[in-house]
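Some notes on the structure that comes next.
The values are calculated or read from the model by the stated rules, or taken from the named source; none is laboratory data. As the structure is a computational prediction, the values presented were derived from the model and not from experiment. Glycine gets a Cβ as well: all are built from the backbone with ideal geometry, and neighbour counts include every protein chain shown.
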Amino acid sequence: MSDAVGRRVRTAAGLLVLAELVVFVLVAAWIGVGWTILATLATSVIGWVLLARQGTRALADLRERARSRRSPGAELGNAGLVAAGGLLMVLPGFIGDVVGLLCLLPGTRNLVRGALTRLVLARLPVGLRPPVRVESVRTAEVPLAEDVPPGRPGSSRLVIEGEVVRGPDGRPLA
């Protein structure tokens, strides 16, 4: 199984390198080779600056969480996305720069985290997936008693289909 995963990773990396080369050639044909090299160097410098700024902020958030003995949660994810985004921005290539910029900017980082979370959860075996919280908008009218005429108060009650996954104290039900 790990051989199949390794083959997929190598294939994806090869396709990404090929796509980066195609984009590089297209940009060079559009604005010229010199400007394309300059743009590549500029995005690397911008990547270093954003990595230093956002990385410092992410590490400060992690330290604060550790100091207050709270779960790192989103801060740990932010630190990982900042590291990945910085690496993508520093490496040459315009596709990686766009993805890295999405990981580095605080406004778009949540979108990337949400997409990655959905991707990972979709690939997990069903037994390892966390419980699903569902908000139902489906309702049905169920009569309370046959002796109450329809349309009068108390003639029916609202029933919402669903499943209780947490008790009143917030703990998961077994």
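Contact annotation: residue pairs with Cβ atoms under 8 Å, 6 or more positions apart or on different chains, pairing a residue in the range 22-33 that is more than 14 Å from ILE95 (Cα to Cα) with a partner that is among the aliphatic types (A, V, I, L, M) and assigned to a helix (DSSP H, G or I), are ILE31/ALA39.
Per-residue answers, yes or no, for (1) under 14 Å from the mean Cα position of the chain (by Cα); (2) at positive phi; (3) at pLDDT below 85; (4) among the basic types (Lys, Arg):
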site	(1), (2), (3), (4)
LEU88	no, no, no, no
ILE95	no, no, no, no
CYS103	yes, no, no, no
THR108	yes, no, no, no
LEU119	yes, no, no, no
ASP147	no, no, yes, no
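Filter the range 94-107 down to residues that are within 28 Å of VAL25 (Cα to Cα) and surrounded by fewer than 21 Cβ atoms within 10 Å (Cβ to Cβ), then give me how many there are. Result for the range 94-107: 7. Of the numbered criteria (1) loosely packed, with under 14 Cβ neighbours inside 10 Å; (2) more than 21 Å from VAL23 (Cβ to Cβ); (3) modelled with pLDDT of 85 or more, the one SER71 fails is (3).
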